[in-house]
1. Identify the residue in the stretch 27-61 that is open to solvent by 100 Å² or more (accessible area, probe 1.4 Å) and not in a strand (DSSP E or B) and, among all such residues, is modelled with the lowest pLDDT.
2. Restricting to the stretch 62-102, and then to whatever is polar (S, T, N, Q) and surrounded by 11 or more Cβ atoms within 10 Å (Cβ to Cβ), can you tell me which residue is farthest from Ala38 (Cα to Cα)?
3. Since Ala91 meets every condition but one in (1) within 29 Å of the chain's Cα centre (by Cα); (2) modelled with pLDDT under 90, which condition does it not meet?
4. Given the criterion open to solvent by 60 Å² or more (accessible area, probe 1.4 Å), among the charged types (D, E, K, R) and either in contact (Cβ under 8 Å) with a residue 40 or more places away in the chain or in contact with a helix residue (DSSP H, G or I) (Cβ under 9 Å, 6 or more places away or on another chain) (or both), identify the matching residue among Glu122, Glu106, Glu110.
5. What's the number of the condition Ala140 fails, among (1) under 19 Å from the mean Cα position of the chain (by Cα); (2) surrounded by 10 or more Cβ atoms within 10 Å (Cβ to Cβ); (3) not basic (Lys, Arg)?
6. Given the condition of a type outside the set (A, V, I, L, M), closer than 26 Å to Glu104 by Cβ, open to solvent by 100 Å² or more (accessible area, probe 1.4 Å) and not in a helix (DSSP H, G or I), answer yes or no: does some residue in the stretch 11-23 qualify?
Amino acid sequence: YWTAPLPSHTPGIPKLADRITTAIYQAVAERRINCLDALFTGWVNGRPVLLRQPLFPIDLENLPPATATHPMTHLAEESLIAALGQDYFNAQVCKAALHAFASENEARMEAMASAGAQIARELETFQAKLRRVRQEAITAEIIELGTGTASAEPAR
């Protein structure tokens, strides 16, 4: 079981991704996990949907196809692929963390919009009640003035 707080600003996401990646590598080394998916909210036709992205093992279908010519490198192919694989995995974890950050902010915006709408409804109800109380007070005063005028007139 591992947890970490989500940063309050996007510049903190890469550091969080590094911590998550380290924890995942440790869990894989200890054989506690053998696959890992990221779940996040996406938008399709203006509606939120749950999306799943495999993180580990790396899905080679998402990578561009290999070319026939190999680039010239100064590193051994195995160590280069291992380093690139680690960087790619870290980038995928960073992307998942950014999705989580965006989802959190969307939820906050939705909550604020809902609270704003609720406040507007309550304000409208309050203003209607205030108008009704004012009207009742004016009506009561008119009745009182009319009754007072009628009783002040001499009897005929």
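1. Per the criteria, the residue is Leu60.
2. Looking at the filtered set, the residue picked out is Gln86.
3. (2)
4. Details: Glu122 fails: either in contact (Cβ under 8 Å) with a residue 40 or more places away in the chain or in contact with a helix residue (DSSP H, G or I) (Cβ under 9 Å, 6 or more places away or on another chain) (or both); Glu110 fails: either in contact (Cβ under 8 Å) with a residue 40 or more places away in the chain or in contact with a helix residue (DSSP H, G or I) (Cβ under 9 Å, 6 or more places away or on another chain) (or both).
That would be Glu106, the only listed residue that is open to solvent by 60 Å² or more (accessible area, probe 1.4 Å), among the charged types (D, E, K, R) and either in contact (Cβ under 8 Å) with a residue 40 or more places away in the chain or in contact with a helix residue (DSSP H, G or I) (Cβ under 9 Å, 6 or more places away or on another chain) (or both).
5. It is condition (1) that Ala140 fails.
6. Going through the stretch 11-23, the residues of a type outside the set (A, V, I, L, M) turn out to be 11-12, 14-15, 18-19, 21-22.
Subsequent filtering for residues that are closer than 26 Å to Glu104 by Cβ retains 11-12, 14-15, 18-19, 21-22.
If we keep only those that are open to solvent by 100 Å² or more (accessible area, probe 1.4 Å) too, we end up with 11, 15, 19.
Now drop any that are not not in a helix (DSSP H, G or I), which leaves none.
So far as the stretch 11-23 goes, no, none of its residues is of a type outside the set (A, V, I, L, M), closer than 26 Å to Glu104 by Cβ, open to solvent by 100 Å² or more (accessible area, probe 1.4 Å) and not in a helix (DSSP H, G or I).
The values are calculated or read from the model by the stated rules, or taken from the named source; none is laboratory data. Every value quoted in this text rests on a predicted model; they were computed, and no experiment measured them. All Cβ positions, glycine included, derive from the backbone under ideal geometry; neighbour counts span all protein chains shown. The area values use the complete protein model at the heavy-atom level, side chains included, leaving out ligands, DNA and RNA. Shrake-Rupley method; radii C 1.70, N 1.55, O 1.52, S 1.80 Å.
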